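The values are calculated or read from the model by the stated rules, or taken from the named source; none is laboratory data. Keep in mind that what you see is a predicted model, and the values were worked out from it rather than measured. All Cβ positions, glycine included, derive from the backbone under ideal geometry; neighbour counts span all protein chains shown. These accessible areas exclude ligands, DNA and RNA; they are computed on the full protein's heavy atoms, side chains included. Shrake-Rupley method; radii C 1.70, N 1.55, O 1.52, S 1.80 Å.
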2 protein chains.
Amino acid sequence: MPRVPTTADAFNAVAEPRRRQILDLLAARERAVGDLAALLGVTQPLVSKHLRVLREVGLVEVRDDGRRRLYRLDGRPLKPIHDWVKGYEQTWSERFDQLDVVLAELSEQEQQDGSQDRQ
Amino acid sequence: MPRVPTTADAFNAVAEPRRRQILDLLAARERAVGDLAALLGVTQPLVSKHLRVLREVGLVEVRDDGRRRLYRLDGRPLKPIHDWVKGYEQTWSERFDQLDVVLAELSEQEQQDGSQDRQ
DNA sequence: CAATCATATGCCTATATGGGCATGCGTCAA
DNA sequence: TTGACGCATGCCCATATAGGCATATGATTG
């Protein structure tokens, strides 16, 4: 079985760095396809394809403006990612706590024996 | 150019649902490969392959225990995901605010004209 | 109407994935 | 020592990408 399609959900759509760049640009303001292509320094068809993926997972919406198409962000599909990863937030802050403990122990030892042979 | 490899970063490693399941299990406690396979209802080789991906992006660590190998979670590589998606958190809460505004306006209109022809 | 602009889509390639299956390798127990 | 166990890895397949290029479709302007 092949990999989960990029259009399966926001997790997969956002795994591609270029698509995150596009979202980051759209976070500031609504933009046309050509503008995005110029800002990213890539070809227009490529941007259109990425936007198609983002549209299929609901991360962007389109609006017609003459012969241009203006895309704007819809961040709601990102919420599941936020919710999932938030459950792990304590994981890396706990590590900080552990580091604090280690540092405290080191400092304590230094005060006790004043040893210098530490890197 | 093909898709970004799953081992490129946590974004891609975690895009696969089965790998998120594995992390969710490891979040509770350290586990052996066979236990994970049994809990997920999949074959052992498949779990080993997913664990390999997770190991390559630093999301799990291994420890030898006799003829078993115990895997445990390391959530630190998830932090970039958390940081990136957190920047969009206001995106969907803003939408709630907008919805509140709309609902308030509707409610206000109803009080003013008492109209019933609303869906 | 003709020419131009903005965008979407089609075709092409190389690539590596998730899963199935068989097997190799190290560890333990009898 | 021999067997069984636990795990990793190899090979196989179908699939769908990201990107390049050419072109079709639409809207605008002259």
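General observations
- Label-to-label distances for B:Gln21 across copies, nearest first, come out at 3.5 nm, using points 7 Å from Cα in the beta-carbon direction.
- Averaged over peptide A:54-65, the number of partner chain Cβ atoms lying within 10 Å of each residue's Cβ comes to 0.
- Beta carbon of chain B nearest to the axis of the rotation taking B to A, residue and angstrom distance: B:Ala15, 2
- Derived scalar couplings ³J(HN,Hα) [segment A:40-50; Karplus, 6.51 cos²θ - 1.76 cosθ + 1.60; whole Hz; x for Gly, Pro]: 8, x, 10, 6, 5, x, 5, 5, 4, 5, 5
- Packing, taken as the mean count of other beta carbons within 10 Å per residue, orders the peptides A:16-23, A:58-65 from highest to lowest as A:16-23, A:58-65.
- Reachable lysines from B:Lys86, criterion Cα separation under 25 angstrom, eight or more residues apart if same chain: A:Lys79, A:Lys86
- Extension gain, A:Ala32 back to A:Glu61 (0.36 nm per residue minus Cα-Cα distance, nm): 9.3 nm
- Each copy carries A:Ala32; placing its label point 7 Å along the C-beta direction from Cα gives inter-copy distances of 6.4 nm, listed from smallest up.
- Inter-chain neighbour count for A:75-84: the average number of beta-carbon atoms from partner chains within 10 Å of each residue's beta-carbon is 6.
- Total charge dipole magnitude, segment A:10-76, about the Cα centre, Cβ charges on Lys, Arg, Asp, Glu only, Debye to nearest 20: 80 debye
- Nearest-10 value in Å² for the accessible area of B:His82, using the 1.4 Å probe: 10 Å²
- Amide H contacts for A:Ala32 (H built 1.01 Å from N in the peptide plane; partners 5 or more residues away or on another chain; cut-off under 5 Å): A:Tyr71.
- Around the amide H of A:Val60, modelled in the peptide plane, lie the amide H atoms of A:Arg55, A:Asp74, all under 5 Å away and 5 or more residues distant in sequence or on another chain.
- Between copies, A:Glu56 shows label-point distances of 2.4 nm, shortest first, with the point placed 7 angstrom from Cα along Cα to C-beta.
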